[in-house]
Ligand code: MRU
């Protein structure tokens, strides 16, 4: 990913080999600033406050969080306590639990002396693996864009609609839903992205638009309720979204509003694809609507808006009447029947139990390193 033309990842280990660097996503797009995480508490705070966010990235930050916890105290008690503290930061994205389980498996049977190095090593590998998975997702998804481009007149743009931020800011590099877009752009395919603003936290308007702009990809930010209209008028060729948890039967949990886009896509014959690494698949749940815990966040995120004034000040204003209650559900579930396909690092997989089990036999039969309910 490029920031001001410079190749950057969304998480890195600082030169001391201990401190973890991240981008403070709460300041984007108006300010680019980085943060140094020095402890498990710092990592937990960054995830909870959404300084860092996006399913794969919070997994990577949590993995380093556990490593930093062990550096402070490598006892079993602290390992358990820190695992629980990090797991409780956000309830919906399964990558968090997956990454914590991976680090736990790497350290649990080791001596205290060995644990710190083993945890840092697994966390670093989680980051590298995530970047590689996103790149593979990009290559598979690119084929879908190429097929659409091949049917168009020369120079005619391919219109993609996306929701929330499933870009490199939500992963370690490339992004999931955005990886095919960046690859298509780099190949010279004229591509244009309709960016859902994604109320209430505006991850589309603030983050997806920022990263597409940094990469030079043409895009237009739209209010969340515009996608259906655009689809009815033939202005959307394909929809790409990310996911926070995909169930064994292919139900897709993603940022609130994704379900409505999938319904509109179905009604208009627009292909609706979900891009995800295998660390997002939770084979322990089937029915996403019934079984996935949906995060409910503070009402302030709905009743207030923050932005930059004409004089360059960042200000927060209230947009609802005093005393009006608000509800703030973070995610919804799109049933598998509305999903055209799951773009994974192993290829495009139909959203159903048989296809997922066949594509990921090693994952579907794998027992978690430590069995706990997420959330
Ligand atoms: O609440 P957030 O901003 O962490 O939610 C993120 C999303 O819903 C993303 O679209 C999803 O995590 C996919 S990330 C590749």
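What the table below lists for this structure:
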{"quantity": "Residue satisfying condition, being surrounded by 15 or more Cβ atoms within 10 Å (Cβ to Cβ) and more than 16 Å from the ligand (Cβ to nearest atom), within set 271, 277", "calculated": "271"}
{"quantity": "Single unsatisfied condition, residue 32 versus (1) surrounded by fewer than 18 Cβ atoms within 10 Å (Cβ to Cβ); (2) closer than 19 Å to residue 168 by Cα; (3) touching a strand residue (DSSP E or B) at 6+ places or on another chain (Cβ under 6 Å)", "calculated": "(3)"}
{"quantity": "Extreme residue, nearest to residue 148 (Cα to Cα), among residues of region 228-267 that are assigned to a loop (DSSP other than H, G, I, E, B) and without any contact (Cβ under 8 Å) to a residue 24 or more places away in the chain", "calculated": "234"}
{"quantity": "Residue 154 vs. criteria out of contact with any helix residue (DSSP H, G or I) (no Cβ under 7 Å at 6 or more places or on another chain), farther than 19 Å from residue 51 by Cα and either near the ligand (Cβ under 10 Å from one of its atoms) or in the same structural domain as residue 239 (by TED's automatic domain parsing) (or both)", "calculated": "yes"}
{"quantity": "Near pairs, Cβ below 6 angstrom, 6+ apart or cross-chain, from region 81-99 (within 13 Å of residue 63 (Cβ to Cβ)) to any residue that is within 15 Å of the ligand (Cβ to nearest atom) and not in a helix (DSSP H, G or I)", "calculated": "97/374"}
{"quantity": "Within region 35-54, considering residues that are in contact (Cβ under 8 Å) with a residue 60 or more places away in the chain and in contact with a helix residue (DSSP H, G or I) (Cβ under 7 Å, 6 or more places away or on another chain), the one surrounded by the most Cβ atoms within 10 Å (Cβ to Cβ)", "calculated": "54"}
{"quantity": "Those residues of region 309-334 which are in contact with a strand residue (DSSP E or B) (Cβ under 9 Å, 6 or more places away or on another chain) and under 26 Å from residue 89 (Cα atoms), in sequence order", "calculated": "316, 327, 328, 329, 330, 331, 332, 333, 334"}
{"quantity": "Out of 131, 149, sole residue that is out of contact with any helix residue (DSSP H, G or I) (no Cβ under 8 Å at 6 or more places or on another chain) and either closer than 15 Å to residue 66 by Cα or surrounded by 15 or more Cβ atoms within 10 Å (Cβ to Cβ) (or both)", "calculated": "131"}
{"quantity": "Residue 262 within 16 Å of the ligand (Cβ to nearest atom), over 15 Å from residue 331 (Cβ atoms) and in contact with a helix residue (DSSP H, G or I) (Cβ under 7 Å, 6 or more places away or on another chain)", "calculated": "no"}
{"quantity": "Scan of region 86-101 for residues that are out of contact with any strand residue (DSSP E or B) (no Cβ under 6 Å at 6 or more places or on another chain) and either within 15 Å of the ligand (Cβ to nearest atom) or within 17 Å of residue 50 (Cβ to Cβ) (or both), ordered by number", "calculated": "86, 87, 88, 89, 90, 91, 93, 95, 96, 97, 98, 99"}
{"quantity": "Boolean, residue 222 is touching a strand residue (DSSP E or B) at 6+ places or on another chain (Cβ under 6 Å) and touching a residue at least 60 places away in the same chain (Cβ under 8 Å)", "calculated": "no"}
{"quantity": "Single unsatisfied condition, residue 306 versus (1) within 16 Å of the ligand (Cβ to nearest atom); (2) more than 20 Å from the chain's Cα centre (by Cα); (3) surrounded by 16 or more Cβ atoms within 10 Å (Cβ to Cβ)", "calculated": "(3)"}
{"quantity": "Scope region 16-34; condition out of contact with any helix residue (DSSP H, G or I) (no Cβ under 8 Å at 6 or more places or on another chain) and not in a strand (DSSP E or B); matching residues", "calculated": "16, 19, 24, 26, 27, 30, 31, 32, 33"}
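The values are calculated or read from the model by the stated rules, or taken from the named source; none is laboratory data. Just so you know, these numbers come straight off a predicted model, no measurement behind them. Cβ atoms come from the backbone with ideal geometry, glycine included; neighbour counts cover every protein chain shown.
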